[in-house]
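Before any comments, here is the structure.
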Amino acid sequence: DPKVRSNIMVALGDLAVRFPNTIEPFTSQVYRRLRDSDVGVRTTALMCLSHLILNDMLKVRGEVCEIALCVEDESSERIRDLACLFFYEMSRKGSNPVYNLLPDTLNKLSKDPLVDSDKFAKLAPFLMQFITLEKH
């Protein structure tokens with residue numbers, strides 16, 4: 001049931017705030033909800049993950065490519081907007097985090113069977129626009 005999956009996402013987000021080390025081994029399952037068949041579940045998952053990552057409650061790893069895929073979500077403009085906002089906010093954090101994640105993210109996207117060359121050709125430049133040069 002989509003409502004149950006959405007509520008579980010919210011509950012996992014709450015648990016991650018209080019018990020981050022307990023939830024951390026299950027983050028890949030949390031990211032998997034970004035590919036759920038229901039738009040509401042995907043939206044809830046993206047909002048929860050964005051909140052946790054941007055507030056440094058969840059470590060960003062290679063699974064961020066799942067959020068990048070949301071930029072090209074064909075079924076929901078809201079999901080596309082939330083994913084774009086996530087990368088914009090992420091790029092505003094110090095130490096250029098999008099740059100640090102880019103190699104692993106592009107690698108995973110290129111190996112994903114669900115990502116065709118057209119989608120990859122749109123995602124790569126989108127992610128690269130958030131890379132800024134260090135000013136010395």
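The values are calculated or read from the model by the stated rules, or taken from the named source; none is laboratory data. Every value quoted in this text rests on a predicted model; they were computed, and no experiment measured them. Positions of Cβ are generated from backbone atoms using ideal geometry, with glycine treated the same way; all protein chains shown enter the neighbour counts. Calculation scope for accessible area: heavy atoms of the full protein, side chains included, ligands and nucleic acids excluded. Shrake-Rupley method; radii C 1.70, N 1.55, O 1.52, S 1.80 Å.
Summary table below
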item	result
Test for residue 37: is it over 23 Å from residue 11 (Cα atoms), in a loop (DSSP other than H, G, I, E, B) and more than 15 Å from the chain's Cα centre (by Cα)	no
Residues satisfying the stated conditions in the stretch 1-19, i.e. over 15 Å from residue 47 (Cβ atoms), out of contact with any helix residue (DSSP H, G or I) (no Cβ under 9 Å at 6 or more places or on another chain) and either of a type in the set (Phe, Trp, Tyr) or part of a helix (DSSP H, G or I) (or both)	4, 18, 19
Whichever residue in the stretch 23-59 is polar (S, T, N, Q) and either in contact with a Leu (Cβ under 7 Å, 6 or more places away or on another chain) or crowded, with 20+ Cβ neighbours inside 10 Å (or both) and, among such residues, is modelled with the lowest pLDDT	27
Matching residues, the stretch 68-125, being more than 15 Å from the chain's Cα centre (by Cα), of a type in the set (Val, Ile, Thr) and at pLDDT 95 or above	none
Positions within the stretch 60-89 being touching a Lys or Arg at 6+ places or on another chain (Cβ under 6 Å), open to solvent by 40 Å² or more (accessible area, probe 1.4 Å) and assigned to a helix (DSSP H, G or I), in sequence order	none
First in the stretch 53-78 and within 15 Å of residue 123 (Cα to Cα), second anywhere and aliphatic (A, V, I, L, M) and open to solvent by 80 Å² or more (accessible area, probe 1.4 Å), Cβ under 9 Å, 6 or more apart	69/114
